[in-house]
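Visitor: Here it is, the structure, as structure tokens.
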Amino acid sequence: MNASNILLLIIVAQIVSLNLAFDKSQNVLSKSKIIHLNGAIGPESVAFDPKGEGPYIGVADGRILKLQLGSQNRLIWADFAVTSSHRKNCTLPFAPEMEHICGRPLGLRFDTKTGDLYIADAYLGLQVVGSKGGLATPLVQNFEGKPLVFTNDVDIDGDVIYFTDTSTKYQRWQFLTSFSNGDTTGRLMKYVKSTKKVTVLLGDLAFANGVALSKNRSFVLVTETTNFRILRYWLKGPLAGTHDVFVELPGFPDNIRINPKGEFWVALQAIRSVSSISDSKFGMLHFTPQQMDEGELHPTAIKLSEDGTVLEALEDVEGKTLRSISDIEEKDGKLWIGSVVMPFLRVYGL
């Protein structure tokens, strides 16, 4: 049994399936199309460049790949960029013990004006690579004299880059320990390109994960995975500099991405354990547990309005064909679905 399957079994052992019951819930993700990665594993984040080309994905061996036309007009995954120059021993598709050397690119975002790709590498910090790819350049690897421990996601607003540092104690390979110990050292951070200044916007976060700016740039969202919620940090207006709870969720949120309408897609990796169902926060969501099947994953894509209202939920109730979900990128009427552990992308037509 390989390491990715062991990881999935560990996750399965800790969660149960839950049918999300509200009017627009649809059990449809199992019908999504598979795009295999030809040996690579773990397309955690999905991004398209300003020309609409891609998708681009970061995989477990440290590479960033681009889906493009090859010879005979066949789609191929081409090497686009890497976050580490130490590639000699980065030959296995999944080798957690090598991630600190090979790099592990997680969140990906393009600057729509410059075409530069910004990368949150779990071990090597915030990086950037030009539109032609190659070896990425580190931007932020330390803060106040200490290295970033677990850089996770990123979003861009002109001169300002927002990113998360999931923990100051635990690296990515220790994420289950972070979960079980209730670690709350995560941070939402800001990097200003013109001044190279780094600041912490929010601290003491429980597994700080996905990041997304609102359409009008008045606030930025950050997912707190082990608190089952999304926080909103206000950037403009009378509430600027403060934060509140944007939405509470029935499962573990990973990445969050905005669509062309200004709505947000949130990837739920799994549903909470039985012990958490009676939690008062859970009741606030108006989700009703209808079905409890011990030991099944329940990947869910939830669409939220600009004010945090649940608009739609797309599910794979049995979790057999789509066992893990980390990212949802909407483009041209399709959802491109990433996973931190699976050897493929999924594409679902809306």
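The values are calculated or read from the model by the stated rules, or taken from the named source; none is laboratory data. Note that the structure is predicted; figures quoted are calculated from it, not measured. Note that each Cβ is placed from the backbone with ideal geometry, even for glycine, and that neighbours are counted across all protein chains shown.
Visitor: Which residue pairs have Cβ atoms closer than 7 Å, lie 6 or more positions apart in sequence or on different chains, and pair a first residue in region 157-173 that is closer than 25 Å to LYS196 by Cβ with a second residue that is among the hydroxyl-bearing types (Ser, Thr, Tyr) and not in a loop (DSSP other than H, G, I, E, B)?
Guide: Close Cβ pairs (under 7 Å, with a partner that is among the hydroxyl-bearing types (Ser, Thr, Tyr) and not in a loop (DSSP other than H, G, I, E, B)) amount to ILE161/TYR118; ILE161/TYR191; PHE163/THR151; PHE163/TYR191; ASP165/THR151; SER167/SER178.
Visitor: Scanning region 170-193 for residues that are under 12 Å from ALA206 (Cα atoms) and either among the charged types (D, E, K, R) or assigned to a strand (DSSP E or B) (or both), which turns out farthest from the chain's Cα centre (by Cα)?
Guide: ASP183
Visitor: Sticking with this structure for a sec: Considering only region 14-49, state which residues are among the charged types (D, E, K, R), at pLDDT 85 or above and more than 18 Å from the chain's Cα centre (by Cα).
Guide: Hits for region 14-49 are LYS31, LYS33.
Visitor: What number of residues within region 79-100 satisfy the criterion of being surrounded by 14 or more Cβ atoms within 10 Å (Cβ to Cβ) and in contact with a strand residue (DSSP E or B) (Cβ under 7 Å, 6 or more places away or on another chain)?
Guide: Counting residues in region 79-100 that are surrounded by 14 or more Cβ atoms within 10 Å (Cβ to Cβ) and in contact with a strand residue (DSSP E or B) (Cβ under 7 Å, 6 or more places away or on another chain) gives 4.
Visitor: A follow-up question, please. Just to be sure before I move on: is GLN72 over 21 Å from VAL149 (Cβ atoms), without any contact (Cβ under 8 Å) to a residue 60 or more places away in the chain and assigned to a strand (DSSP E or B) in the structure I sent?
Guide: So GLN72 fails the test.
Visitor: Go through region 296-312 and count every residue that is more than 23 Å from ASP244 (Cβ to Cβ) and surrounded by 22 or more Cβ atoms within 10 Å (Cβ to Cβ).
Guide: Number of matching residues: 5.
Visitor: Can you report the number of residues in region 330-342 which are out of contact with any Ser or Thr (no Cβ under 8 Å at 6 or more places or on another chain) and part of a loop (DSSP other than H, G, I, E, B)?
Guide: The qualifying residues number 2.
Visitor: For region 101-141, enumerate the residues that are assigned to a loop (DSSP other than H, G, I, E, B) and buried (at least 19 other Cβ atoms within 10 Å of the Cβ).
Guide: GLY103, ARG104, ASP116, ALA122, TYR123, LEU124, ALA136 - these are the residues of region 101-141 that are assigned to a loop (DSSP other than H, G, I, E, B) and buried (at least 19 other Cβ atoms within 10 Å of the Cβ).
Visitor: Does PRO93 satisfy the condition of being more than 24 Å from PRO253 (Cβ to Cβ) and touching a residue at least 24 places away in the same chain (Cβ under 8 Å)?
Guide: For PRO93, the condition - more than 24 Å from PRO253 (Cβ to Cβ) and touching a residue at least 24 places away in the same chain (Cβ under 8 Å) - is met.
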